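The values are calculated or read from the model by the stated rules, or taken from the named source; none is laboratory data. On a predicted model such as this, the values are computed, not experimentally measured, just so you know. Here the Cβ positions follow ideal geometry from the backbone for every residue, glycine too, while neighbour counts run over all protein chains shown.
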Amino acid sequence: MSVEYRVGPLAEIPEGGGVLAVAGEVEVGVFRVNGELRAYENRCCHQGGPVCTGEIVGRYEAVLNPDRTVAGERFADDQVRIACPWHGWEYDLATGACVADPRFRLRRFEVVVREGQVYVRV
Amino acid sequence: MKDEGAPQARVIPDRSFNFLANARREVERRGLDEVPVVDCDCHLYETTALPEIVRYIDNPNVRRSFERSSLGMAMHALLPGNLGDRTVSGRIKTDLDMHLPTGDRAGIHPLAAGLLHSMDQMAIDYSILFPTPMLTLGTHPQPEVEVELARAYNRWLVRDVLVASPRIRTMAYLPLSNPEASVDFIEEFAGAPGVLGFMVTAVRYQPIHENRFVKVFAALDERSLPLAFHSGPNWSDRPFEQLNRFLSAHALGFPFYAMLQLTNLVVNGLPERFPNVRFIFMEAGQAWVPFLVARLDNEYRQRSSEAPLLRRLPSAYIQEMFFTTQPFEPLDDPEHMRTMIEMMGGPSRLLYSSDYPHQDFDLPTMIWDLPFLSEEARRDILGGNAMRLFGLPAPERKRPAGAAPAAAPPGTRTE
Ligand code: FES
């Protein structure tokens, strides 16, 4: 049975950022990614690290020339990631999937907005 | 549902956190406070206490050069470097609080207080402590710097840090660039409180099988003391210069130097000559050991006359050595992991290590969650093997009995 917790005003969760919310016994990271809210348990699939407290970074990509030589590398803006501060596992914030091995996914919670207030169901 | 009815979550706007709070939660979920845990390889950043260490340097000129240097200068000009961004451009963090005194530990050395705090968070009973920047000392071109600094470090560690608690132990640093000094070190530090044996850094260029080192092995053998080879990366070493990522240099460096030392050790019959020395290989993971078992046995069958001191296959010697577990390299198929451990000589050869606070540290849960090992084998790896090897007394239990049931590993994984 899930319980709904109020996190606070939507305005306090910046685009491309998030807050950590302690909802009863569960720590939840609530993030805003491309205008949408996502909530994940603050427990990394690797060793249970505090993944939701990590750095939020863009996808880093290599760019190839037509002849397949490497032109360079750059941050791409099509995917926002969070990196677990313990050992660096990176997750796609939109889906919760580990980018290096998508079989691993963060536990996701339902998150809703009513009258400008954000709620998570844990 | 009415909005006013929803309980308010406690919100941490900057997502700041207690670095090891999750570790405590993970060990509690599994009841690991009831399981004796010996961390056979953890670290301190000893250069944060460099002025304290420098005071113990005997050679006045070496002492003077450290005394007259800033920390930055000492790190860059007096100690060999160790290239590589450990943090993946700041993505990986280290615990900044670890060196702060906590609560009733305010009276003891802050490094010991920080360590005891992190041990408590991870349910670790004993920690065997090693340095960090000084792990590169074996490549210093001035042997006297290795000797002087290592002696000062050992003295400082024993007198100022280990005294804080019987839970903190070490294997004292041996400056192998000078075998005579190494023998003196064994005389000075063997039996010192908290010293369980000796450690040689694996990244170095003195072939350990040369006759000049026999006196070192003899001194250890006489006292039945264990000798650990602590590995590391060395991105500046010629073969590694071709690797353009720290991922690559890190992946290959640790097992490379471990393999190099182990190969010289076995091929030159050092375990035959010094049967009382227990050899431990630290921080190189596991997968290299089965590789070496296969490779050396095959070579030996073809070229045994090049290794005339051996009376058994190389694998027989390897499978009598010990290996610390970190970084544990999980494989998808548990059967593969079981086979790998069998090829290393079985669970009795493995010693849990965290490597904390380094960036690829392992919690004890890493071992506890291995599905293919019996509980007895997991307990042996986490603490039993080390307690027998080092003669450590059973730890005082930190919590009353009443272990929590085994928990599912974190996250979900779909095939
Ligand atoms: S626990 Fe998150 S990367 Fe290891």
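Okay, here's what the table says:
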| quantity | calculated |
| --- | --- |
| Members of segment A:88-107 that are in contact (Cβ under 8 Å) with a residue 12 or more places away in the chain and within 16 Å of the ligand (Cβ to nearest atom) | A:Trp89, A:Glu90, A:Tyr91, A:Asp92, A:Leu93, A:Gly96, A:Cys98, A:Val99, A:Phe104, A:Arg105, A:Leu106, A:Arg107 |
| Of all residues making up segment A:88-100, the number that are outside any loop (DSSP other than H, G, I, E, B) and away from every other protein chain (no Cβ under 12 Å) | 1 |
| Filtered residue count, segment A:7-45, keeping only those that are within 15 Å of A:Ala83 (Cβ to Cβ), surrounded by fewer than 20 Cβ atoms within 10 Å (Cβ to Cβ) and at the interface with another protein chain (Cβ under 8 Å from one of its Cβ atoms) | 0 |
| When residues of segment A:62-83 are limited to those that are within 22 Å of the chain's Cα centre (by Cα) and of a type in the set (Val, Ile, Thr), the one farthest from the other protein chains (Cβ to nearest Cβ) | A:Val80 |
| Test: A:Pro85 is within 12 Å of the ligand (Cβ to nearest atom) and either modelled with pLDDT under 95 or outside any strand (DSSP E or B) (or both) | yes |
| Tally, over segment B:198-219, of residues that are buried (at least 23 other Cβ atoms within 10 Å of the Cβ) and assigned to a helix (DSSP H, G or I) | 1 |
| Where B:Ile12 falls short, out of the listed (1) surrounded by 21 or more Cβ atoms within 10 Å (Cβ to Cβ); (2) farther than 30 Å from B:Trp156 by Cβ | (1) |
| Helices (runs of 4 or more DSSP H) (entirely within segment B:13-81) containing at least 1 residues that are more than 16 Å from the ligand (Cβ to nearest atom) and more than 28 Å from B:Pro327 (Cα to Cα) | B:50-54, B:60-67 |
| Positions within segment B:130-175 being surrounded by fewer than 23 Cβ atoms within 10 Å (Cβ to Cβ) and assigned to a loop (DSSP other than H, G, I, E, B), in sequence order | B:Thr132, B:His140, B:Pro141, B:Gln142, B:Ser165, B:Pro166, B:Arg167 |
| Filter pass, A:Val33 being more than 27 Å from B:Phe361 (Cα to Cα) and either among the β-branched types (Val, Ile, Thr) or within 16 Å of the ligand (Cβ to nearest atom) (or both) | yes |
| Residue count, segment B:1-55 (criterion: within 27 Å of B:Asp362 (Cβ to Cβ), within 14 Å of another protein chain (Cβ to nearest Cβ) and among the small types (Gly, Ala, Ser)) | 3 |
| Filter pass, B:Leu79 being closer than 24 Å to B:His358 by Cβ and within 14 Å of chain A (Cβ to nearest Cβ) | no |
| Selection count where residues are within 14 Å of chain A (Cβ to nearest Cβ) and either of a type in the set (Asp, Glu) or closer than 13 Å to B:Ala123 by Cβ (or both), scope segment B:348-390 | 13 |
| Yes/no for A:Arg59 being basic (Lys, Arg), more than 10 Å from chain B (Cβ to nearest Cβ) and closer than 30 Å to B:Thr365 by Cβ | yes |
